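K.L.:
A single structure is presented below for examination.
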Amino acid sequence: MTRAVTSPESSRVLVVEDEAVVGMDIRHRLTRLGHAVVAVVDSGEEAVRMVAATAPDVVLMDIMLKGNMDGVEAAGRIRGQGGPPVVFLTAHSDAQTLRRAGEVGPYGYVIKPFDDRELGAALDIALSKSRMERRLAENERWMGMTLANLEEGVLTVDPAGLVRFANSAALRLLGEEAADLVGRELAAVYRTRAVLCPDVADAAADKRERCVVLCCRGGAHLPIEQTLSPLVDDRGKTLGTVVVFRDISRRRSTEQALRRSLANLRRTMEETVNALTVTSETRDPFTAGHQQRVSRLAHALTVELGFEAEEREAVRVAGLVHDIGKIHVPSEILAKPEVLTPIEMGIVRDHSQVGYDILRDIPFPWPVARMVLEHHERLDGSGYPRGLRGGEQLVGARVLAVADVVEAMTAHRPYRAALPLDAALDEIGKGRGLRYDPDVVDACLLLFERGGFRF
């Protein structure tokens, strides 16, 4: 009996193959790999129709097909309509065929005959590439929308001093049309001069601050703030200059809008973090509330240690999601009422890396993903997953490590009853400076000795 193989990334696949037996074989292979086959068709015309009807994640396309449209033409139609990625599946690997196929931008090739590993790898690569392209396109759309809706004017200037881009705010503030501005010298369209600020109480001219005004079309002068920044690529080469300028007469209303936006983003982030916390803990009712309690203790420790407000918030948020990676651990392991086997323990230990993989692309303003990755590391290198030593571990992760140990030992587990607080404090005390950060341990001991914290 053939054992099913699970692909790292399951998908809905449209198979386009003119030989029925081969199409059936491919369907079975994809099913074993964990993919869902939406249909198997044998012509290019049918492939184009089925893409529109079923919206698959990827198309596995033979080149030689029935009908008047071969696989290359069908792939071109699909890609031209913004369809899913196409992976060619063919026995024709000659240079002319590959060159013609390459012109339609395929996401991979599988040359017949092939095995399951080759097929699965080609689909995974195609899906990953397609996902990255979608993300890039989405980022570009967001950037375009952001620039179009900014209150600030934005100009980009090439090394020759010619304007290459102007957003709508820049056109409005300058009183120019895009066709009249792009391609002209910056000095001809963006004219500023420094003047004495008229709204400064000190009337002495030599003590008054100087402001920048923009000389607009029609003789108007608009008080602005401006920033000129070099535009450089990844290798440090200067590509031009970005000029950002804003009407400071509307500063108060703009700042209020930004504050509201920031508050909404923080609320959204908080709700997202809470959703992640609930998601991970619903699979393990025995440890429900563990992440919240660790977060509370870790935050209290940062206060005791004198962390800045943003650092405290970073550790608090990381504590709320530090075990999110346990969603990959089977429930029967999480709820096992006895000591785990080495293999099971290895699966559990993977949760730090899985948590990092889940969180690393979320644009937190702090290194939350890395703190999650390192919360089981120890100063002496005995931790996991990377065996970090000493200062290699983020200080926030060191705080989480102590808070996690104390909370875990004092809470009930399927395989043991809760231990007394003294046992947990004794554990971190013995590991002070060896496994745990001495400053964090001291702060934790002092916090409980004073009675300033209770779970």
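K.L.:
Is there any pair with a first residue in the range 357-381 that is more than 15 Å from Glu313 (Cβ to Cβ) and a second that is hydrophobic (A, V, I, L, M, F, W, C) and surrounded by fewer than 15 Cβ atoms within 10 Å (Cβ to Cβ) whose Cβ atoms are under 9 Å apart and which are 6 or more apart or on different chains, and what are they?
P.N.:
From the range 357-381, the pairs are Ala369/Ile362; Arg378/Leu434; Leu379/Leu434; Asp380/Leu434.
K.L.:
For the range 122-162, give me each residue that is loosely packed, with under 13 Cβ neighbours inside 10 Å and within 30 Å of Leu89 (Cβ to Cβ). Please lay out each step first, then the result.
P.N.:
Within the range 122-162, the subset loosely packed, with under 13 Cβ neighbours inside 10 Å is 132-146, 148-149, 159-160.
Answer for the range 122-162, where residues must be loosely packed, with under 13 Cβ neighbours inside 10 Å and within 30 Å of Leu89 (Cβ to Cβ): Met132, Glu133, Arg134, Arg135, Leu136, Ala137, Glu138.
K.L.:
Another question, if that's okay. For Thr302, indicate whether it is crowded, with 22+ Cβ neighbours inside 10 Å and out of contact with any Pro (no Cβ under 9 Å at 6 or more places or on another chain). If you could, list the steps in order and put the result at the bottom.
P.N.:
Details: crowded, with 22+ Cβ neighbours inside 10 Å: yes; out of contact with any Pro (no Cβ under 9 Å at 6 or more places or on another chain): yes.
Yes: the conditions hold for Thr302.
K.L.:
Hey, another quick one. Considering (1) surrounded by fewer than 17 Cβ atoms within 10 Å (Cβ to Cβ); (2) in contact with a Gly (Cβ under 6 Å, 6 or more places away or on another chain), say which one Met371 fails and leave the rest.
P.N.:
(1)
K.L.:
Within the range 196-251, which strands (runs of 3 or more DSSP E) (wholly inside it) include 3 or more residues that are closer than 25 Å to Thr146 by Cβ and modelled with pLDDT of 85 or more?
P.N.:
Numbers: elements: 210-215, 221-232, 238-247.
Once the strands (runs of 3 or more DSSP E) in the range 196-251 are filtered for at least 3 residues that are closer than 25 Å to Thr146 by Cβ and modelled with pLDDT of 85 or more, what remains is 221-232, 238-247.
K.L.:
Another question, if that's okay. Taking the criterion of being polar (S, T, N, Q) and outside any helix (DSSP H, G or I), would at least one residue in the range 328-336 satisfy it? Give the derivation first.
P.N.:
If we filter the range 328-336 for residues that are polar (S, T, N, Q), which is where we start, we get 331.
If we keep only those that are outside any helix (DSSP H, G or I) as well, we get none.
Among the residues of the range 328-336, not one is polar (S, T, N, Q) and outside any helix (DSSP H, G or I), which makes the answer no.
K.L.:
Checking Pro56 against (1) exposed (fewer than 15 other Cβ atoms within 10 Å of the Cβ); (2) in a loop (DSSP other than H, G, I, E, B), which test does it fail?
P.N.:
(1)
K.L.:
With the requirement that a residue be more than 21 Å from Arg450 (Cα to Cα) and not charged (D, E, K, R), what does the range 412-426 give you?
P.N.:
Residues of the range 412-426 that are more than 21 Å from Arg450 (Cα to Cα), as a first pass: 412-418.
His412, Pro414, Tyr415, Ala417, Ala418 - these are the residues of the range 412-426 that are more than 21 Å from Arg450 (Cα to Cα) and not charged (D, E, K, R).
The values are calculated or read from the model by the stated rules, or taken from the named source; none is laboratory data. Everything numeric in this text was worked out from a predicted model, so none of it was measured. Using ideal geometry, Cβ is built from the backbone for each residue, glycine included, and neighbour counts are taken over all protein chains shown.
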